Amino acid sequence: MQACLRRRSCMHIGRPDVRCARNSLSRGTLKCNAIFGGLLKGLSKQSGPSTSYDASKDLEPAFEAWLQQQGAPAQQVALQSCGVEGRGLVARTRITRGTSLLQIPRSLLITAQAAAQYSSLAPLLPPGLPEWSLIALLLSELQQRAGQQQAGNSGSSSSSAGGPISEAVSRWAPYIAVLPQQPETVLSWSDAEVDRLLRGSPLHVRARAIRGAAAATWQELGPLVQRGEQEGLLPRGCVTRTSVYWALGVMLSRMVRLPGLGDTQALVPWADFANHSPAVGCHLDWDARACGGGGGVAVAVDRDYAPGEQVYISYGQRSCGDLLLSYGFSPPPDTHAHESYPLLLTLAPGDALRAAKAAALAARGLPPAAEFPLRIDGLPGGLVACAALRAAAPAGGEQEVEALVSQLFGPRTVEVSTSTLIQVSQPSPPSPPSSSSSSSKSGSRGSRGSKVSRETAAQASAEPAAAYESDGSAAAAGGVA
C-alpha cells in the first residue's frame, strides 16, 4: 500500500516505538517486561529445534503439492507447527549457509498488476488506484469466491463467474485456503483495546494511523464495489468492509517488497510462512537464477540448519512495537537488538531564534522537526547535530545562526528568506522502510500472537505515558519538544 500509505499516514510503519530509558520506566512496566520476557524465553525453550525432521508433522501437503504443480521446485523445507510461533518452515535435510531456498515463480505472486488483470471490477478501476487498494480488492474477492467454490455453492459462485476472476480463483484457491481467518494485526483490535492498551505511547498514534488507513481504503473501494454490483460485475456481498479488512490484515502481516523486481510489492505463497528472527539478516527477494533460471522469489540463508530446525528470515530491523502492530507478536524488549524509541526533536516554541533556525534549516532542505529512532546499540546519525541546534543560544543572535547551521549541516542548498517563519509541526509517521536493507516482509504466523495476551504484549512494547501526551504529541521531557 506504499502509495496509499504515504498519503494516509502510513499503514505499514517503518520505525515505530521503543521504550524510554530504564530509569524512566514505572515499576509496573518493569515488572511486566520482566514477566513477558521470561514467559517468551520459557516458551522458546519448550519449542526449541528438533534433532531430526519428522515428516508426519508436515502441514498442508496439498498446498505444497500445488506449489510444485505451479512450477516451484521440490522444497527443502516443510510447513509445520512451531510452538508459540505458530506455523513455520522447518528444514527437511541439512541446509548449509548460502543455500537458495523457496524459489517461488512469478506466476504465483499476487501483485497490483495481477489485481488489475483479474479483478471483476477491472473495467471500473480508476487510474492511480493505490497498490494496496488493488491487491485488497482482488484478495477480498478471491476469499469469497474460493470459499463458495469449495462449498460447492453454484449461486453467484466463482465457477459461474467466468472470465479472468475464474482463472484467478483456480490459480490461487489453495493459497487462500491456508491463510489465517483473522490475521493477528492491530486491525483485529477493537477501538477500546487500542485506546486502553496504547494511550500515552507513540504506538497509540501509529495504531490509529494504521486503522485510519484501513478505513480510508474502504471509503475508496466501497463506492467502486457498489457500482460493480449495480452493473452486474460483482455479486452482492462478495466484497464487503469485513472482507477488505481481512485482506488488509493479511497484507499488513504478509506483504513483501522485492527490490530485485523493481520494488514490486507482493504476496508470496509458501514463502510468507517463514518466521522472523532478529538473529538472522537474510531477506526474501527476487532472484533471476531461481526456478531453473526463470526467476523467482528466494532467500539465501545466512547460517546452517540441521534437519528439523526451523528456518528463519528477517522482517527487517523492526522494533517490538512495530512487530506487535503489524505481525501480532513481540519479542522480549530487553533482549531485542532492534528495539528503538522514536525521539522527536523540534525547535523550541519559546526560542527567540526559532524563525532564524527554521529558515536556515529550510535553506538546506531540512524540516524544523525530525524523528530519530534511538536504539540500544547506538545513536542515529544527525541526532547530536539537531539536539545541538535546538539547545544553541549564540551570543551573536541571528547573525551567528547561519554559521552554526552551516557547521552542523553543511552549506545552503535552497534560497529561503531568514525573515520567513517556518511553522514547526510534528512529522507524519515514517513511510515503509526501504527494501534495500530489508524486505517489507509480512507474516501473521497463524496463532503466534495469541499465545500472550494483548495486554501483556502491549505493556511490554509500549513506552510509558510520561514521555508522550495522550494525543501522541511530544511532551517537554528528555529534550523532546
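The numbers here are math on the coordinates, done by the rules we state, and not lab data. Please read all numbers here as calculations on a predicted model, not as lab measurements. All Cβ positions, glycine included, derive from the backbone under ideal geometry; neighbour counts span all protein chains shown.
See the values below:
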| read-out | value |
| --- | --- |
| Theoretical gain in end-to-end length, Leu125 to Ala348 [0.36 nm per residue, Cα-Cα removed] | 75.6 nm |
| Extension gain, Ser52 back to Ala337 (0.36 nm per residue minus Cα-Cα distance, nm) | 99.6 nm |
| Neighbour-limited loop hits for GluC sites (Glu not before Pro), segment 194-282 (at most 12 other Cβ within 10 Å; DSSP other than H, G, I, E, B) | Glu231 |
| Estimated FRET transfer efficiency (Glu167, Arg196; beta-carbon r; R0 56 Å; 0.05) | 0.75 |
| Extended-chain gain in nm, criterion 0.36 nm per residue less alpha-carbon gap, Glu400 and Ala385 | 3.8 nm |
| Mean Cα-pair separation over length for segment 278-323, i.e. relative contact order, pairs under 8 Å, 6 or more apart, % | 41 percent |
| Ala288 versus Leu59: modelled label distance in nm, points set 7 Å from Cα along the beta carbon direction | 3.6 nm |
